[in-house]
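The values are calculated or read from the model by the stated rules, or taken from the named source; none is laboratory data. All figures in this text were calculated on a predicted structure; none of them were measured in a lab. Cβ atoms come from the backbone with ideal geometry, glycine included; neighbour counts cover every protein chain shown.
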Amino acid sequence: MGKKRFVFILVLLFAGFCGCSNRSKNIIVLVPDPDGSTGRIIVSNQAGSVEIDTAYQATSVPDKNSIPARPTAMNQEEIDAIFSEAIAIQPTAPVHFLLYFENVTTKLEAGSLSILPEIVDTVIARNSADIGIIGHADTAGDRNYNLKLSARRAEAVGRLLIERGIKPEYLEISSHGEENPLIRTDDNVSEPRNRRVEVVVR
Amino acid sequence: MKIVCHMILSALLILGSITLCMAESECIGIVKSVTRNVFFIRDGEMIQAAVNMKIMARDAIKTGPDGSVGFILKDDTVISMGPESQIVIDEFSFDPAGKNMSFIARMLHGTISYFSGQIAKLSPESVRFETPVATIGMRGTHFLVKSGKI
């Protein structure tokens, strides 16, 4: 009996301690990426800002005229109590495949050709109706030529996937030219790893 | 009669292009998972959300008392929403070739999980997640937000 009451009082104190009314109203918590690394967020309003770069640190913001609170730790239990439904329905991150081509052609390298069945399996496993095919170029040579070549390569990959049973209406073919490199280089640098077609299975 | 037929046909074509998202430039992502009541508000109309439904810029997404939804945007951003939540996608463009990138989403209330995507990596200053009390800027990351009542 006495013990139960004690627990109850503790809960009350705890609720009082976290400033229940404010803290529980607006919470932002940084959590790790699936690969285990942690990014960084900056939470700001007209009163000020706070930066969080450590996993499981949270800030609360009572209202838009109050500075976001100094970050404090939030444990898994507290996170689940608030966010379990949002976390449970979270889709797994889209899967990326990289395909490479024989020099100045739209012919896939042998190693890349063998990845096609894996792409098809992933589309089926994810029940995906949204597959991006994006041509990329390196920074060597004429920017326009690269843009066109990478677009033609993306179209070639699209045809190969359609041949293997992927519905054409699920495909979205585009080209990022040399603007979204895998490996950052200066301009006019031949970098085979940047001459790629990326397939994104969402 | 012929005119009416044409009108119906073009209305169907427009409807078809919206649901199939043939206008690729406007299609910014896809619904991957849905539980119970979830609605999109598009051009003033409520549309019941379903798996594989396309998402457009300026869509508002709203979950009911026991609803939840998860979706993936073109730049790999993964967002999921718990019950009684609402967000609006004010801006989304992901076109590195045209150097045109921005993503601004606004949360009205509820709970969300947010995994930032490639726009946050390529052009972090172009990404903003707004809540009624604060704005969140990010550098390639995963975070959770609760906003509103209770």
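A compact table of results
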| quantity | calculated |
| --- | --- |
| Residue in region A:96-123 that is surrounded by the fewest Cβ atoms within 10 Å (Cβ to Cβ), counting only those that are within 14 Å of another protein chain (Cβ to nearest Cβ) and in a helix (DSSP H, G or I) | A:T122 |
| Hits in region A:56-95 - residues which are among the hydrophobic types (A, V, I, L, M, F, W, C) and assigned to a loop (DSSP other than H, G, I, E, B) | A:V61, A:I67, A:A69, A:M74, A:I89, A:A93 |
| Identity of the residue in region B:75-99, part of a loop (DSSP other than H, G, I, E, B) and facing chain A (nearest Cβ under 7 Å), that ends up surrounded by the fewest Cβ atoms within 10 Å (Cβ to Cβ) | B:K99 |
| Options A:V199, A:V189; residue that is under 19 Å from A:T106 (Cα atoms), surrounded by 12 or more Cβ atoms within 10 Å (Cβ to Cβ) and touching a residue at least 12 places away in the same chain (Cβ under 8 Å) | A:V199 |
| Any hit, region A:164-184, residues being surrounded by 19 or more Cβ atoms within 10 Å (Cβ to Cβ), in a helix (DSSP H, G or I) and aliphatic (A, V, I, L, M) | no |
| Filtered residue count, region A:124-134, keeping only those that are among the aliphatic types (A, V, I, L, M) and assigned to a strand (DSSP E or B) | 3 |
| Scope region B:29-62; condition buried (at least 23 other Cβ atoms within 10 Å of the Cβ), over 10 Å from the mean Cα position of the chain (by Cα) and facing chain A (nearest Cβ under 9 Å); matching residues | B:K32 |
| Odd one out for A:A86 among (1) surrounded by fewer than 20 Cβ atoms within 10 Å (Cβ to Cβ); (2) more than 30 Å from A:D187 (Cα to Cα); (3) of a type outside the set (F, W, Y) | (1) |
| Index of the failed condition, B:M138 passing every other in (1) outside any loop (DSSP other than H, G, I, E, B); (2) within 19 Å of B:D59 (Cβ to Cβ) | (2) |
| All positions within region A:59-95 that are under 21 Å from A:R193 (Cα atoms) and at the interface with chain B (Cβ under 8 Å from one of its Cβ atoms) | A:P94 |
| Single residue of region A:124-145 satisfying the filter (touching a strand residue (DSSP E or B) at 6+ places or on another chain (Cβ under 6 Å) and within 17 Å of A:L182 (Cβ to Cβ)) that is surrounded by the fewest Cβ atoms within 10 Å (Cβ to Cβ) | A:G132 |
| Test: residue in region B:119-127 that is more than 14 Å from the chain's Cα centre (by Cα), surrounded by fewer than 23 Cβ atoms within 10 Å (Cβ to Cβ), of a type outside the set (A, V, I, L, M) and within 7 Å of another protein chain (Cβ to nearest Cβ) | no |
| Filter result for the condition that a residue is modelled with pLDDT of 95 or more and touching a Phe, Trp or Tyr at 6+ places or on another chain (Cβ under 6 Å), over A:I124, A:I89, A:I131, A:I41 | A:I131 |
| Candidates B:T141, B:T111 - the one that is more than 17 Å from B:G82 (Cα to Cα), within 10 Å of another protein chain (Cβ to nearest Cβ) and hydroxyl-bearing (S, T, Y) | B:T141 |
| Among (1) out of contact with any Asp or Glu (no Cβ under 9 Å at 6 or more places or on another chain); (2) modelled with pLDDT under 95; (3) under 17 Å from B:G29 (Cβ atoms); (4) in a strand (DSSP E or B) - the single one B:I55 does not satisfy | (2) |
